[in-house]
Amino acid sequence: MDDQTVMDQDVKEGVDQETVDAVKQLSGAYKHGWNTEIEMDFAPKGLTEDIVRLISERNSEPEWMLEFRLDAFRRWQKMDEPDWSMLRYAPVDYQEQYYYAKPSSMKEKPKSLDEVDPKLLETYKKLGIPLKEQMILAGVEGAEGAPADAKGERKVAVDAVFDSVSVGTTFKKELAQAGVIFCSISEAVQEHPELVKKYLASVVPVQDNYFATLNAAVFSDGSFVYVPKGTRCPMELSTYFRINAENTGQFERTLIIADEGAYVSYLEGCTAPMRETNQLHAAVVEIVALDDAEVKYSTVQNWYPGDENGKGGIYNFVTKRADCRGDRSKVSWTQVETGSALTWKYPSCILRGDDSQGEFYSIAITNNWQQADTGTKMIHLGKNTRSRIVSKGISAGHAQNTYRGLVSMHPKAKNSRNYTQCDSLLIGDKCGAHTVPYIEVKNNSSRVEHEATTSKVDDDQMFYCQQRGMDEEEAVALIVNGFCKEVLQALPMEFAMEAQQLVAISLEGSVG
Amino acid sequence: MMALPQAKQDATEARLAALTLPVQDGWTRAARADALARLTKSGLPGPRDEYWRWTRPAELNAVDVPGAAPMDESDEAPIFDGIDALSLVFRDGVFDAEASDDLTLEGVEISRLSEVQGADIHWAREVYGALELRGQDPVVRPFAALNTAFASDGVLIRATGKAAKPICIRYVHEKSDSDPILHHVVKVEEGAEVTLLEAGAPGARFNTVLEADIADRGTFHHVRAQGRNRDRRANTHTFARLGEESVCKSFTLSLNGALTRNEHIIEFTGDDAAAHVAGAAIGDGKVAKFHHDDTVFVTHDAVNCESRQVFKKVLKNGALGVFQGKILVKAGAQKTDGYQISQSLLLDGDSQFLAKPELEIYADDVACSHGSTTGSIDEEMLFYLKARGVPHARAMDLLVLAFLAETLAEIEEDAIAESLRTRLENWLERHAD
């Protein structure tokens, strides 16, 4: 069904206005496909040592940071792009990309909202970020002191990254009172060099893989979180990533450190405008969890997936890894992957501490010509470590969806447990669903269980839904949401709502 | 073509230099030449090849055969003893006519590769190397190509009706440095039926290929017991192609073995067919090294076919088990029912199980599932048995046997399953400690 038919349809009796509005809002292919015409400050196209130096200079980085980048860049030049995934794409020309882009208006901090480039504000509004937070994100001085627009509203601190730079972080003061550091990584390099030096690249080494090494050389910004000992972060932390400029690659780097007994829940959202050319995104996320610490990391990845003919879309090559260094530490990854033309992403947990826990809940939806190769690695090193993997892959149109994972029980990881469940759902006969799990068990006191199924949308369920007045598309959305239930439940409230709607949107045009 | 890495190139050249093509190659000439070209192009497997991630191919590549003293297995009845079968004996890869039965059996035509390959024409020409070639995509299998090119002998079986009794190939291993390369071909004509048994280790290190082409409504049963030799290195490939409504069942029992790589490559080309591949393996690393790898690749390219993979391993004292199983459902292969289970029982902290159960699916109306579990003996079950007066060692054996017995249920003929169960029991008795 196309948008127009939704709009023009007469409202059926008994359907309330809210539903109609919701449907209207959801219709249309890609909600975040608009583009903001903002004057940008670009570095020249292409990647050379000079560009790496320029990025470092623009961020006024200390010498050690520049060395870190140059070392990564030299290593990257000697590496080959990996070809083991099930992704098929034309080679990326790394010299045809911009590696640094920044809104020009950010050169000087505006004094009030009136001075802020209205287009930037418009961007945040479209992304659904509240006004007060818009002020802060726009970099208005003193905005943090301004009263919140609604009392008692649930607070979420936001760091927004626009193309290459972080444009602002909200609720900094309130977080600082609790001792939590939440800022852009470029700020952290200036203000907390000891923490950055200690933890940066300690989970994902510089030479880890092709894309991570590229990121280490050219990352321009990202978020930094430090939650001190025994602190429960008073609010959810959130980052919005947006690629706006054309031919720009986004290379953000996120570092989250949860000190002993700390807790933090972190949300990540991504969008990009519709472009005819493919855009590159190669991020690195590192999480360190010390004794008794817990980190919950949730992602709703909704980068532009390309059009229905497979033109354009983001190439998403992401390295995400958590090091459960401390005993009894816990890291939980939840991801809803609906966007990107290509997704290459394996959020992993190294369960080093005894009794540590890792979780991976994933929904990956591919439609039209999207391709996703995603999964997780659970490396059990400590005793009594536990991991749980629940992966739901949905493939429609001409899309290919692959779960790739590794569960490894090392000889010393006595009495450890893993449970893995990978389910795939196929909608239509032109798409593919694949499962590539690796299981390595090197001690006998551990138990590893792996289950995988592949099926199609159940005819009986479809009949049942349609018989109750749903059209085919609604019925599929409902059934798919049911199929994903276990993962949706693992998401924080706000994200769960958004994710459910996304599931429906992503599958538009997949039936009939 | 991309050049091979130097180490791979060197290993391949060295190995090829030590092998000789048969002089009288007749109708096999083209297939052998093509296979040699494939092998030269792909090179022998290297330690960095993903398909050899968990099994190091060095001992299979080596020019010099890693020695394996023959093992006296006369302390128990011969494998498949009491099963009425036509017997063919190979000593270190060389056919022993004296010890073998006449090659005549109602419902089948039997000949030997080395005897008939000098001729210009033979029915096996359509199959020899053809199924192996089909099995080279999407993953190369260099040892199978090597086999097609250099096989010294093999049994060619053509079933035209219902075979009067099973055909049993008995391998005898006598020389500690034998390195036989045998290539068997089975052609099951429309509606025909035959059972092939293989018993023992063909040599110190061996490379065997079995190609089974099963026409519409044909039935092929294959049961294999790989002997007890602890030092032997096994490298086997079973290729099967299934026509409409045909049935293929293959079972392998492996007790001991320093190195085993058993590959099964199954392809459905006709609708409504069924293929079951199963295996039980048990090894004790204390007595000798035990490394056992089952690699299975099932391709569904027809409608409404059923495939089943059931593999179980019991690993003791540092034994290592590998399972790589894949179900590929091609576009249009609707109504596929694919099932795969790999399980292992680790009896101590030193043993390892490495598994990669894979699905690749391009059709939507299918039901495919796989499961893989690894763990130790269930303490509660053990307690239950011991509480009823069963001694610890006996209780352990019972649980191991119960675990492996599920795979024996995959064998069609009860008498054959029973004879293998006895061998398992005897093994457990010998390794009771």
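Just for the range B:301-342: of the residues that are polar (S, T, N, Q) and at the interface with chain A (Cβ under 10 Å from one of its Cβ atoms), which one is nearest to the chain's Cα centre (by Cα)?
B:Gln324
Is at least one residue of the range A:351-361 assigned to a strand (DSSP E or B) and under 23 Å from A:Glu276 (Cβ atoms)?
So far as the range A:351-361 goes, no, none of its residues is assigned to a strand (DSSP E or B) and under 23 Å from A:Glu276 (Cβ atoms).
Please pick out the residue among A:Ala499, A:Ala477 that is more than 14 Å from chain B (Cβ to nearest Cβ), touching a residue at least 40 places away in the same chain (Cβ under 8 Å) and of a type in the set (A, V, I, L, M).
Just a single option satisfies the conditions, and that option is A:Ala499.
When you look at A:Tyr403, is it closer than 29 Å to A:Ile314 by Cα and surrounded by 24 or more Cβ atoms within 10 Å (Cβ to Cβ), yes or no?
Yes, satisfied.
Could you list all residues from the range A:300-334 that are assigned to a strand (DSSP E or B) and under 17 Å from A:Leu507 (Cβ atoms)?
A:Val300, A:Gln301, A:Gly313
Regarding A:Asn443, is this residue under 18 Å from B:Gln343 (Cα atoms), part of a loop (DSSP other than H, G, I, E, B) and within 10 Å of chain B (Cβ to nearest Cβ)?
Considered against the rule, which asks whether it is under 18 Å from B:Gln343 (Cα atoms), part of a loop (DSSP other than H, G, I, E, B) and within 10 Å of chain B (Cβ to nearest Cβ), A:Asn443 comes out as yes.
Inside the range A:405-424, can you point out the residues that are more than 9 Å from chain B (Cβ to nearest Cβ), farther than 26 Å from B:Trp52 by Cβ and not small (Gly, Ala, Ser)?
Those that are more than 9 Å from chain B (Cβ to nearest Cβ), farther than 26 Å from B:Trp52 by Cβ and not small (Gly, Ala, Ser): A:Lys412, A:Asn415, A:Arg417, A:Tyr419, A:Gln421, A:Asp423.
Residues A:Pro234, A:Pro205, A:Pro193, A:Pro228: which one is surrounded by fewer than 23 Cβ atoms within 10 Å (Cβ to Cβ) and without any contact (Cβ under 8 Å) to a residue 24 or more places away in the chain?
Result of the check over A:Pro234, A:Pro205, A:Pro193, A:Pro228: A:Pro205.
Just to be sure before I move on: is A:Lys430 among the charged types (D, E, K, R), at the interface with chain B (Cβ under 8 Å from one of its Cβ atoms) and more than 24 Å from the chain's Cα centre (by Cα) in the structure I sent?
Yes; evaluated as a whole, the condition is true for this residue.
So which residues in the range B:108-148 are small (Gly, Ala, Ser), assigned to a loop (DSSP other than H, G, I, E, B) and farther than 25 Å from B:Leu16 by Cα?
If the condition is that a residue be small (Gly, Ala, Ser), assigned to a loop (DSSP other than H, G, I, E, B) and farther than 25 Å from B:Leu16 by Cα, then B:Ala119 is the only one that fits.
Pull out all pairs, ordered by first then second residue, where Cβ-Cβ is under 6 Å, the residues are six or more apart or on different chains, the first lies in the range B:349-367 and is within 20 Å of B:Lys330 (Cβ to Cβ) and within 7 Å of chain A (Cβ to nearest Cβ), and the second is among the acidic types (Asp, Glu) and part of a strand (DSSP E or B).
B:Ala367/B:Asp337
What number of residues in the range B:1-31 are on the phi < 0 side of the Ramachandran plot, surrounded by fewer than 20 Cβ atoms within 10 Å (Cβ to Cβ) and part of a helix (DSSP H, G or I)?
Number satisfying all stated conditions: 12.
What's the number of the only condition in (1) free of Cβ contacts under 8 Å to residues at least 40 places away in the same chain; (2) more than 8 Å from chain B (Cβ to nearest Cβ) that A:Thr402 fails to meet?
It is condition (1) that A:Thr402 fails.
A:Asn415 - would you say it is touching a Ser or Thr at 6+ places or on another chain (Cβ under 8 Å), surrounded by 24 or more Cβ atoms within 10 Å (Cβ to Cβ) and assigned to a loop (DSSP other than H, G, I, E, B)?
no
Tell me which of these B:Lys286 doesn't satisfy, since it passes every other one: (1) basic (Lys, Arg); (2) touching a helix residue (DSSP H, G or I) at 6+ places or on another chain (Cβ under 9 Å); (3) more than 14 Å from chain A (Cβ to nearest Cβ).
Condition not satisfied by B:Lys286: (2).
One residue is enough: does the range B:153-162 have a residue meeting the conditions at pLDDT 95 or above and closer than 18 Å to B:Val65 by Cβ?
yes
Please verify whether the range B:163-176 includes one or more residues that are modelled with pLDDT of 95 or more, of a type in the set (Asp, Glu) and in a strand (DSSP E or B).
No.
Do we have A:Leu502 as under 11 Å from A:Ile365 (Cβ atoms) and either among the hydrophobic types (A, V, I, L, M, F, W, C) or assigned to a helix (DSSP H, G or I) (or both) here?
It is true that A:Leu502 is under 11 Å from A:Ile365 (Cβ atoms) and either among the hydrophobic types (A, V, I, L, M, F, W, C) or assigned to a helix (DSSP H, G or I) (or both).
Taking only the range B:370-395 into account, find how many residues are under 20 Å from A:Asn415 (Cβ atoms) and within 14 Å of chain A (Cβ to nearest Cβ).
Number of matching residues: 10.
So, in the range A:41-75, exactly how many residues are among the charged types (D, E, K, R) and outside any helix (DSSP H, G or I)?
3
Run down B:Thr295, B:Thr336 and say which single residue is surrounded by fewer than 24 Cβ atoms within 10 Å (Cβ to Cβ) and closer than 25 Å to A:Cys422 by Cα.
Criteria check complete, one pass: B:Thr295.
The values are calculated or read from the model by the stated rules, or taken from the named source; none is laboratory data. From a predicted model like this one, the values you see are computed outputs, not experimental measurements. Glycine gets a Cβ as well: all are built from the backbone with ideal geometry, and neighbour counts include every protein chain shown.
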